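The values are calculated or read from the model by the stated rules, or taken from the named source; none is laboratory data. Keep in mind it's a predicted model, so treat the numbers as computed, not measured. Methodologically, a virtual Cβ is constructed for each residue, glycine included, from the backbone with ideal geometry; neighbour enumeration extends over all protein chains shown. We work out accessible area using only protein heavy atoms, side chains counted, and drop any ligands, DNA or RNA first. Shrake-Rupley method; radii C 1.70, N 1.55, O 1.52, S 1.80 Å.
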Amino acid sequence: MPGSRKPIHTTVIYFAVMAVLVAITGCGGAALRNSDPPELSAKVEIPGIPRARFWGDEWPEALRTASESNLSQASSLYNTRHHYLAISRGGANGAFGAGLLCGWSAAGTRPEFTMVTGISTGALTAPFAFLGSKYDDTLKTIYTTISTKDIVKKKSAFAILFSDSMVDTTPLKAMIARYINAYIVDAIAGEYKKGRRLFIGTFNLDADRSVIWDIGAIAVSNYSGKLELIHEILRASAAIPVAFPPVMIQVEANGKKFDELHVDGGTSSQVFVYPATVDWKSIMERSKVQGTPEVYVIRNSFLESDVNGVKPQLIPIATRSVDSLIRTQGIGDFYQIYALCQRDGTNFNLAWIPSDFTEKPAESFDPVYMEKLFDRGFQMAREGYPWEKAPPGFIVNPE
């Protein structure tokens, strides 16, 4: 949006025309589907990988029942220090988080993360953050050289009227396949066997609930289609509703095959560490975690309000409204994570794009803009990033 510091991609202009599209396409025929019925939702799974995923608002059985003996035998992270990283959505602004991670490596202070979570652009960053600093060059390439054409293809106005989205993400699918190859999946599997975890968030439209995917559990499985499944999970996590097409994932229950529609995990939250229903303190106690775990949250966005005026027109009004919703939802996520840190005895650390970064993108994914944002995150981290210890506006221990 001209005059805005935010990439056009993150302002989700598509919501301005949603009502019109619904009205026009409502009379069209819907594609035939075999979605799983509500009564089987608790039994649905990826064939052969029963622990591939869990609901984002429930405590997964595997964590609830794991004994100290099992944790000590199955994890090299038993009786060690823990560091957790959560990477948010943000479209092209993901260049900030990528730069921060690379600058952190350059500073020589970046830890090996016990657990990494990602949503949307954070989901595309997370595998490389999880595998460590040796993949920093890959992160830099992804977030400083791609452009909009590497992510989406435009559809004609006529095609949009009879489609499930405003753009085609075939280029994104190809890009994910290029960078997340069999070698990367094998590397993720190796880290999973050590006890480290990589979680990606999507939103299940059919169930109206968030889903957390255990990418390591998929990577270590014998499932023949695991590489393609991981590709689709990452694409689904970045599938902004209406703008990008939802991703159909094949599942099974009671011996029958069904399909589910998954979209951007940011539909339910902008960033996550673990469900609030999880008693993480008990997991840390059973794992004999040494010291106080550090929780690092990277928000690939600005947090300050946009005080520029709005034209009294449909698209500017819709754009500003959605921007505000996303911004305030993200702040709400910070407060939830901070509350979990206080409850479970971990240290909260938060980073976001500084307000004095005033570059403007020329397109949704502008490589010039992204390279400058990457460099800003890199420089801040290399000099020692000033992590915030509480959510914005929160006063710790007021006098």
Answer in debye to the nearest 20: the dipole magnitude of segment 120-206 about its Cα centre, from +1 Lys/Arg and -1 Asp/Glu charges placed on Cβ, is 140 debye
List the GluC sites (Glu not before Pro) within segment 235-328 that fall in a DSSP loop (any state other than H, G, I, E or B) and whose Cβ has at most 14 other Cβ atoms within 10 Å.
GLU304
Expressed as a percent, the accessible surface of the chain that is carbon or sulfur, using a 1.4 Å probe and the full set of protein chains, is 55 percent
I'd like the antiparallel share, as a percent to the nearest 5, of DSSP beta bridges with both residues in the chain.
55 percent
For TYR223, the net charge from surrounding residues (Cβ-Cβ under 13 Å; K, R +1; D, E -1) works out to -2
Hey, can you find the accessible area per residue of the chain for me, probe 1.4 Å, expressed in square angstrom?
44 Å²
Using the membrane-span-like helix rule (whole DSSP H runs, Cα extent along the own axis of at least 30 Å, mean Kyte-Doolittle hydropathy at least -0.5), which helices of the chain qualify?
314-344
List the pairs from LYS43/LYS154; LYS173/LYS288; LYS193/LYS389; LYS193/LYS288 whose alpha-carbon separation is above 29 Å, in the order I gave them.
LYS43/LYS154; LYS173/LYS288; LYS193/LYS389
If you count, for each residue, the other Cβ atoms within 10 Å and average over each peptide, how do 150-156, 50-56, 204-210 line up from highest to lowest?
50-56, 204-210, 150-156
